[in-house]
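Student: The structure that follows is given in the form of structure tokens.
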Amino acid sequence: MTATAFWLVRLRNLFAVIMLSGIYSLFAAALYLVMDAVDVAFTEAAVGAGISTVLMLGTLSMTTDQEKVHKKVSPFALILVLATGGVLIYGTMDMPRYGDINAPINQHVANRYLEKSAHEVGPPNVVTSVLASYRGYDTLGETAVVFTAAVGVLVIIGRTQNKNMPGSTRARRRREDELDEPVKPEDGARKNEEASSS
Amino acid sequence: MFDWNDASSLLGLLNYWVAIVLMMAGFYTVIAQHNLIKKVVGLNIFQVAVFVFYISMGKVSGGSAPILKDGIELYSNPLPHVLILTAIVVGVATTALALALVVRINHSFGTIEEDEIQTIEHDEEDIA
């Protein structure tokens, strides 16, 4: 899984990147299953590996599938990332060990859910009880977020259909600059691809 | 077998380290790559790293999945599962929004490379 992540960072072909990110999600789902989180595993497999991949492929079909080559590795970014990673690893030294029953996270409200949810809510799946009942407002908020995101996507993409907006002229002007000749907007993209592939 | 609970052993921290390495891979992608789609993918890597971190904290050794059944005494902690379930769905919603923005940017600027977009904006400021 870690190897997939690093491969993702290095790859140039965006189509391959998206396929790999689907594989990455699937690995994550398998990992959740190993750690007893069955509900999370199938949500990740369906939503993370499925819907995300479809969304990204849709974006790709509307943009381009080749990343421009940047040879230089940013040393500042690398140092920042390594430093942050080092500090975080130092921070884990005091964490409870993996699978520890006495860890603080396993001592508080979780036990109450496990003992009482069968009487108080009903379903044998504790995750369902907590999601729908004890933390129902969280789920309501989540639905609100998803709704807002859907509205946002429609507003943003919907405006793209409008041919007369100022942005599209800017893109057209740029294509004309590159080709040194005025072209019709619908031809521009195709010629651009030919120019970049040759 | 390894004793995961042995406080002197660093092996029990391996799950956090995997999460941190993944998180840093995502972080690097977000700050160092110029391609906007790649940045969104990096954000997803980062996100999954946080999920792995949470789920691994909720695991109890010897426990089973938190579905109540007679004869099973020990369950893993259901609370992180619930939180991450919510987070996955919200994460996909935000990814969708980010990708919509990328499509819109591509439509306006004709490119999804960050440095090219900055050059174009800079040129336009000069003209104006």
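We did not get these values from a lab; they are worked out from the coordinates using the rules stated. None of the values given here were measured: they were computed from a predicted structure. Cβ: placed from backbone, ideal geometry, glycine included. Neighbour counts: every protein chain shown.
Student: Is the range B:11-127 best put as rounded, prolate or oblate by its Cα gyration tensor, with a ≥ b ≥ c the root eigenvalues, rounded for a/c under 1.5, and otherwise prolate when a/b is larger than b/c, oblate when not? Walk me through the numbers before you get to the answer.
Tutor: Numbers: a/c = 5.91, a/b = 2.60, b/c = 2.27.
Cα axes put the range B:11-127 in the prolate bin.
Student: Where does each of B:ILE72, A:ILE105 land when they are ranked from fewest to most other beta-carbon atoms within 10 angstrom? Please report the intermediate quantities before stating the final value.
Tutor: On the way: B:ILE72 12, A:ILE105 17.
The fewest-first ordering by Cβ neighbours comes to B:ILE72, A:ILE105.
Student: Arrange the following residues from fewest to most other Cβ atoms within 10 Å of their Cβ: B:LEU101, B:LEU74. Before the final figure, lay out the partial values.
Tutor: Details: B:LEU101 17, B:LEU74 11.
Ordered by Cβ neighbours within 10 Å, fewest first: B:LEU74, B:LEU101.
Student: Please list the non-local residues whose amide H lies under 5 Å from the amide H of B:TYR75, H modeled 1.01 Å from N, same-chain partners needing a gap of 5 or more.
Tutor: B:SER64
Student: Continuing with this model, one more query. Between beta-carbons, use under 11 Å as the cut-off and find the net charge around B:VAL90, counting Lys and Arg +1, Asp and Glu -1. Before the final figure, lay out the partial values.
Tutor: Working: positive: none; negative: A:ASP138, A:GLU142.
With Lys, Arg at +1 and Asp, Glu at -1, the net is -2.
Student: Where does the charge balance sit around A:PRO124 when Lys and Arg score +1, Asp and Glu -1, over other residues with C-beta under 14 Å from its C-beta? List each step's numbers first, then the result.
Tutor: Numbers: positive: A:LYS116, B:LYS69; negative: A:ASP39, A:GLU115, A:GLU120, B:ASP70.
The answer is -2.
Student: May I pose another question? In the Gaussian network model of chain B, springs joining C-alpha atoms below 10 Å, which of B:ILE20, B:ILE31, B:ILE67 carries the largest mean-square fluctuation?
Tutor: Result for chain B, Cα springs under 10 Å: B:ILE67 fluctuates most.
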